[in-house]
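Beneath this line is the structure, given in structure tokens, with notes to follow.
The values are calculated or read from the model by the stated rules, or taken from the named source; none is laboratory data. The shown structure was predicted, so the numbers you read here are calculated from the model rather than taken from an experiment. Cβ: placed from backbone, ideal geometry, glycine included. Neighbour counts: every protein chain shown.
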Amino acid sequence: MKTLKAKKKKINTFVAFLLIGIFLLVTLFPFFWMISTSFKIKGEFFTRPPIFIPDRFNFDAYRAALRSGGQKALIDSFIIAFISMCIALILGTMGAYGLRELLKKGKNYGFWMLIIEMMPPIAVVLPLFILFKYVHLLDTYPALILGNTVFVLPFAIWLLLGFLEDIPIPIEEAALIDGCSKFQVFSHIILPLLRSGLIPVAFFSFILPWNEFLMALVFSRTKVTPLTVVIPSLVMSDTVAWEQVAGLSVMAIIPPVIVAMVFQRYIIRGLTFGAVKG
Amino acid sequence: MLGHMRQWANRNIGGLFLAPSFLIIILICAFPLIYSIYMSFFSWELASPLPKRFIGVENYLNIFQDSRFWFSLLRSIYIVGIGAILQMVLGFSLGILLNREFKGRNILTSFFLIPVVISPVVIAFMWKMIYSEQYGPLNYILNVVFYLKSVPWLSNTSVALLSIVIANSWEWFPLILLVTMGGLQNIPDDYIHAAQIDGASGWQITRWIIIPLLAPVLLTITLIRVIEDFKLFDLIYVLTHGGPGMSTETLNYLTYLKGFKFFSFGYSSALSILQMIVVIGIAAILVKKILIKD
Amino acid sequence: MLRWRIFSLFLVCFVFTVMVSGAAWNQVRVTLNIACDGGANIAPFEWLKDQIEAELPVNIVLHSLPFEEVYSKLKTEFVAETGAYDIVVFFPKMLGDFVINDYLLPLDGFNEKLSVKTDDIVLPVLEFYCKANNKLYALPYDGDVLAMWYRKDLFENPEEQAAFQEKYGYELQPPETWDQWLDIAEFFTRKKGENLAGEVLEEDFYGCATYGQRDFMYAWWFNRYASMGGSYFDENLNPMINTPEAIQALENWVASLQYSPPEVLTYGFDELQAAFISGRCAMEINWTDVGRVGSNPTVSQVVGKIGVGLVPGFQLPDGNILHRPVLAAGRVMSITKTCKAPELAFEILRLMALDASLAYVSSSYAGMDPFRISHFETPEAFGMFSSYEEAKEYLDGVRLNIELGYPELTMQGSAQYMDILSLALSQALAKQKTPQEALDWAASEWNKITDSLGRDIQKQYYQSLIQSWKENGYWFD
């Protein structure tokens, strides 16, 4: 009886891990393919059968991609993402706290932030395009930063509201009774407690602009060239520089992947938090 | 004087703190929305030197009469619907599978996190290479390992939309996975042990305990995914450009085409307002379901 | 005391020199931004960049645009008015939009001072693609035209000739009319294992192939329709795309599909060319690259077997055959209104369109095609062919087509009109609608577009357009 159950469990476990393995394979294969492509030389693309592992680690693609605007693209994307992140962190925490203060009666105002997410991006991009044109902001960093803030800031506030709920009100009340001003409560009590929540917010408010495409496509011209626009531009009329596309893409995903894996616990918490509380 | 100011600030700290955020949100979020609604009542064609002119609801009437709009709406719903099912099934199953203690579980989970955090544009290019009919690894594997014929992933009108759904679901199912895992952690072990003692099988436990308990959380994340999938753009732009033919022209993509390919700003604005109404409508239905479950 | 005075004098001189030289340096070198679609099409600019920068006081910055995005990106930039581009290279079908919205500088003044030898430019290209409202707005960069490519070896094979004569009752020759095209396509479509010109086929072989992608497929229909006297609109701006002849032309095209590879409706530039030079089909209508690329043994299976001829036409009542190969795509260069140094920009255009043009249209690395009469009369420059005769044969064939070339619709709104037309044609080709239904729908959509763009303005522009067409013998009465 016992051995039968044990055997069943073993088979179960084996099947489970087999399935997990398949999931892992499917999830990671595209990355493998892209990285392998980034090391290929011209003759190794359009082959039948396709070449899975190129002969050598050839970094030409990376060099070429950096030369054809990749370098500026990385820098531009970084500037936009970083400043957006700062804005989201500063204004987001203040905004979330302020919102909670104003609306103590626990109504689910976080939900209203989601309404903004429901707006189709074109509804935002078109008017902003016209607005930015009139104030001569097109093809500048502020245009892309502001544009990204439209979607990033409400998302940040929504996440932070979830984290704020975790902070028990008695702690704040105790501090107030002890004679702290509300501002001091914010800076000395709330902020430190919020620290673990700030990480997912920082992460997402950096990643979303870094990966954003439509606004980059419409607002940028020659002075500001984010990554997401430069990569497709490597696709010319009849010749696609696939190895450069792959190379630049690999460079584009390294920051998010590394940060995600290092801070994964906090990020997972952030994601599940929003969903569970939201 | 300063004391008074400080007191006032203290009392109204909520408003003070909220003000800058609020201002930006109003300016940058509400303004575009209001301006879009305003533009949707005009005929504004930038191909022509004519200035924009007020035409009332004519844009909307034209849209309703245009079969291209209705088909694009159908395609959007297809992507959202099938995508939601695929993501849910994949994410949930993997969540259940990973719900056991073993070494390296955290690292494994973080691997699954990767598709979620990288740019959809990059994902689109990855899949473009993989979907290549002649030279891509996918068809090669199908041929050699499964002895199946090559599939025209991106060049056949009946298949292209599905290809997009597959790539999109690959990108986002980890989100459902994470929520599932988070939710599973919240289920007290006693529930499950009690059920096992009572002789329930794994399937029964999943069906009758886990799913009901996780339902609210899963519905919430599905709501988020539905809203996002309506906005799907990057994949379509890179993989198919709306083609072959019109087969991957979703409502969102059509709105972009009308706006930035044909420069009919009025018509495009009207389309985007309609899209918003559709999304809010579907979201409202889902929210009602969530609230009922709660 | 004296030392201080000398020192301060020296300082003043130094500062003055720096300022003057700085200002002089700024005045001397201007940065000009050139936008063009990328890859092989921007290559000539890349090659000549150093020469231009050596001869003229300019710094050139090249911007490669993705092929499908040329209109989007240029139009967005013109609307945005950020002055990002000084010289733009674009497809002539956008000319109307750019001219009527006043984005481009007229070039007649510059041309008078520094001639670009417009008489040497092939007539249709000059009149229809470079001029608007009788003024010169652009200079040619690429003289695209569609031509007929066929397998000489198959047509010259005696067995095939005999079999054809027996089956169809007339001599086997490269088709001159569209009906003959269908006969010959049917004749040469054979399955794997059958005999073709004395050899057994290892794969299915097809009589013809066609372009299928949305961006230019309408040109393949217009090859047929224009030779029947068809056009885009009539004189009063009523769409002419659903006349009985239009339907007939579309039916001919649909009929040719059964003799084409099964995936032909997905064919773009690369695929269509590959179909011919890899030896899968006997004939095709395509751009002129087929001849050049097809003579390269490393990529072509049909070296030495390529014949080029006039695109088939339609027989008129008086017995003559009217041919109207479409000048599909093409590229022209213009100077934007926001250009900071128009004279210098014009000198660059002149260099490209005149002095350097022979070199890059005869190169196998750039995708550009000849557009000057002098190009066609210099076969020796086309080194990719193995002999002078081959080059001359190629050039003569292409020249026949370009001199009769039929223009694309260059009027504003062309992007929308062609998009609808492509959709309608695709639906007819995919048998989702009958030709009549498809074209009727397209015509009604065209009317809607015309109305939304302002019927009067459209009419005005169109009439000035066909005025030029009439003067050059392109209007069918």
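Of the residues making up the stretch B:18-64, those that are part of a helix (DSSP H, G or I), within 30 Å of C:Y462 (Cβ to Cβ) and either of a type in the set (G, A, S) or facing chain A (nearest Cβ under 9 Å) (or both) number 1. Set side by side, the residues C:Y129, C:Y85 differ, and just one is touching a Gly at 6+ places or on another chain (Cβ under 9 Å), touching a residue at least 24 places away in the same chain (Cβ under 8 Å) and of a type in the set (S, T, Y), which is C:Y129.
Of everything in the stretch C:55-99, what is at the interface with another protein chain (Cβ under 7 Å from one of its Cβ atoms), in a helix (DSSP H, G or I) and farther than 22 Å from B:E45 by Cα? Give them in sequence order. Selection gives C:F67 alone. Could you tell me which residue of the stretch A:140-163 is nearest to A:V224 (Cα to Cα), considering only residues that are of a type in the set (G, A, S) and under 16 Å from the mean Cα position of the chain (by Cα)? Step by step, filter the stretch A:140-163, then rank; the result is A:G147. Scanning the stretch C:383-411 for residues that are small (G, A, S) and within 14 Å of the chain's Cα centre (by Cα) turns up just one, C:G405. Helices (runs of 4 or more DSSP H) fully within the stretch B:153-264 that include at least 1 residues being facing another protein chain (nearest Cβ under 8 Å): B:160-186, B:202-205, B:211-230, B:234-239, B:251-260.
Scanning the stretch B:246-294 for residues that are of a type in the set (G, A, S) and either in contact (Cβ under 8 Å) with a residue 12 or more places away in the chain or within 21 Å of C:T450 (Cα to Cα) (or both) returns B:S247, B:G259, B:S264, B:G266, B:S268, B:S269, B:A270, B:S272, B:A283.
Within the stretch A:127-139, residues that are away from chain B (no Cβ under 12 Å) and assigned to a loop (DSSP other than H, G, I, E, B) sit with their Cβ atoms under 6 Å from residues that are at pLDDT below 85 and surrounded by fewer than 17 Cβ atoms within 10 Å (Cβ to Cβ), at 6+ positions apart or across chains, in these pairs: A:D139/A:K223.
Scanning the stretch B:265-281 for residues that are surrounded by fewer than 24 Cβ atoms within 10 Å (Cβ to Cβ) and within 8 Å of chain A (Cβ to nearest Cβ) yields B:I273, B:M276, B:I280. Taking the conditions exactly as written (free of Cβ contacts under 8 Å to residues at least 24 places away in the same chain and crowded, with 22+ Cβ neighbours inside 10 Å), does A:P54 satisfy them or not? No; evaluated as a whole, the condition is false for this residue.
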